[in-house]
Amino acid sequence: MAVIKRGVHGNVLTAACSGGSSFIIPPDIQHRYHLTEGMELSEEETQKLMHECRVHQAGEKAVAFLASREHSRRELEQKLAQRGFSPEEIAPALGSLEKRGLQSDRRFAEQWVRSRAERMAEGPVKLAAGLQARGIEQSLAQEVTDAVISECGRINMLNRAYEKLLPKSRGIRERLIASLVRKGFSYHEVCRFLENIEDSDAWDG
């Protein structure tokens, strides 16, 4: 059971539970349940209200995370769980953010792939795998990766990785191929790319 009391700040209501604990009730929840000072709540009503407040807190914490950068839903689930929120509190909080457009796995995936391709010069295989590791569904990961690669140009991305890795490979072809494959490009496209470069160098010579 709990009794609704007014907090030290006049416009804030709190629920004072029979066990001695209390929790703050956000204004939107106060209005939704028409809560007023002095109301007594049953144990069932108290538990329901406490759950609503925890969902609200989880949503506010998730918004704070999103203010710094885009997050996948799985990333937010993990961060909120680390801060003590339960799956039953996390799911509705993130569902609400998704409906309001504040969280989007697609938006996260697009930004992550563009940033990763630019900074790390990674290829499509590694990019798609990186998205899936962050909780993006396989179909969406592949769709976003294909779209970004098409936009940036597959050869341009491969060339960027090649220029970045060439000094480290010391001109050893096998080492360069292995490095490019680890970056997420397929073995066959790497070999074709290097053959074109070698053919071009032969003509230049």
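Where a number appears in this text, it was derived from the coordinates with a stated rule and is not lab data. The shown structure was predicted, so the numbers you read here are calculated from the model rather than taken from an experiment. As a convention, Cβ positions derive from the backbone with ideal geometry for all residues, glycine included, and neighbour counts pool all protein chains shown.
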What full-extension length gain, to one decimal in nm, is calculated for Asn156 and Asn11 as 0.36 nm per residue of separation minus the Cα-Cα distance? 46.3 nm
Can you give the extra length, in nm with one decimal, that the chain gains between His51 and Gln78 once fully stretched, where that is 0.36 nm per residue apart less the Cα-Cα distance? 7.8 nm
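Can you give the extra length, in nm with one decimal, that the chain gains between Glu37 and Arg192 once fully stretched, where that is 0.36 nm per residue apart less the Cα-Cα distance?
Values: separation 155, 0.36 × 155 = 55.80 nm, distance 7.48 nm.
Full extension of this stretch gives 48.3 nm more.
Taking the Cα centre of the chain as origin and charging only Cβ (+1 Lys, Arg; -1 Asp, Glu), how large is the dipole, in debye to the nearest 20? Display every interim value, and only then the final one.
On the way: 30 positive and 30 negative charges, 128 e Å.
My answer is approximately 620 debye.
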Would you kindly state the longest site-free stretch of the chain, with sites defined as trypsin sites (Lys or Arg not before Pro) in a DSSP loop (not H, G, I, E, B) surrounded by at most 16 other Cβ atoms within 10 Å? 101-169
At R0 = 41 Å, how high is the FRET efficiency between Asp28 and Val125 if r is their beta carbon distance? Nearest 0.05 is fine. 0.35
Can you list the GluC sites (Glu not before Pro) in the range 1-103 that are in a DSSP coil and have 16 or fewer other beta carbons within 10 angstrom? Glu37
Using 1/(1 + (r/R0)^6) with R0 = 22 angstrom and r between the beta carbons of Glu143 and Arg100, what's the FRET efficiency to the nearest 0.05? 0.40
Using each residue's phi in the range 105-117, evaluate 6.51 cos²θ - 1.76 cosθ + 1.60 at θ = phi - 60° and report the 3J(HN,Hα) Karplus result to the nearest Hz, with x for Gly and Pro. 5, 5, 5, 4, 4, 4, 5, 5, 5, 4, 5, 5, 5
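Quick check of the Kirkwood formula: for the chain, what is the inverse mean of 1/r over all pairs of different Cα atoms, in Å? Intermediate results must be reported in sequence, preceding the final value.
Numbers: mean 1/r = 0.0480 Å⁻¹.
Hydrodynamic radius (Kirkwood, Cα pairs) of the chain is 20.8 Å.
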